[in-house]
1. Out of all the residues in region 131-156, which are among the charged types (D, E, K, R) and surrounded by 13 or more Cβ atoms within 10 Å (Cβ to Cβ)?
2. Considering region 45-75 alone, what residues qualify as being within 16 Å of the chain's Cα centre (by Cα), open to solvent by less than 50 Å² (accessible area, probe 1.4 Å) and at pLDDT 75 or above?
Amino acid sequence: MRILEDTVTRSLGLNSGHLLFCPLGVLLCLTLQATAADDPLPLEPSDDTYLDAELIGKPAGRGKKDELQFSGATDEKANRILLKFDLKAAPAGFRSALLRLSCWNAQSTKEGSSYVRCHALTRAWSEETASWDVPWTHPGGDWDPAPAGGCRISGPLAGAKLREYEFEITALTRKWQAQPGQNYGVVLLLEKGC
């Protein structure tokens, strides 16, 4: 896969009692591929932020910071990542769409595995103003209850190593391309108790 030269450096925190921290960055991209022979087309998020359950009533504004975090121990201690992608450059009839998180130097002392779900959001939001309770009908975000994709992350993690996590969201991305007004992006969240 080709990686864009101007990729925004991010750190991704997975906090489920322990923190997964990627100090050298995370590449967040939606990779579209028209055919097996074509080069993948990576798209960076047009908007990204995270919601923090402990910051109710406080605008996030975290889209401009260099970190994204998510956790899932309880609803009262959760963080959720929001991502939105502009599909204007997406080829018509693409074959596949993968949401890929590429982490360098991930750190976590948590034993075992956690399941991360990816759901389509159902309400418009802004990375500057989104918070746990704004603009949502349900605190923590409004999303389709059926997951669009998911992956398992196993720990503990340590060391200077590239780790990639993928969410296959082809059907959802095709829906967005056919109905651009329904493209509110996705939320990434850990299963409760993870």
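The values are calculated or read from the model by the stated rules, or taken from the named source; none is laboratory data. The shown structure was predicted, so the numbers you read here are calculated from the model rather than taken from an experiment. Here the Cβ positions follow ideal geometry from the backbone for every residue, glycine too, while neighbour counts run over all protein chains shown. Note: areas computed on protein heavy atoms with side chains; ligands, DNA, RNA excluded. Shrake-Rupley method; radii C 1.70, N 1.55, O 1.52, S 1.80 Å.
1. Passing the criteria: ASP133, ASP142, ASP144.
2. PRO45, ASP47, ASP48, THR49, TYR50, LEU51, ASP52
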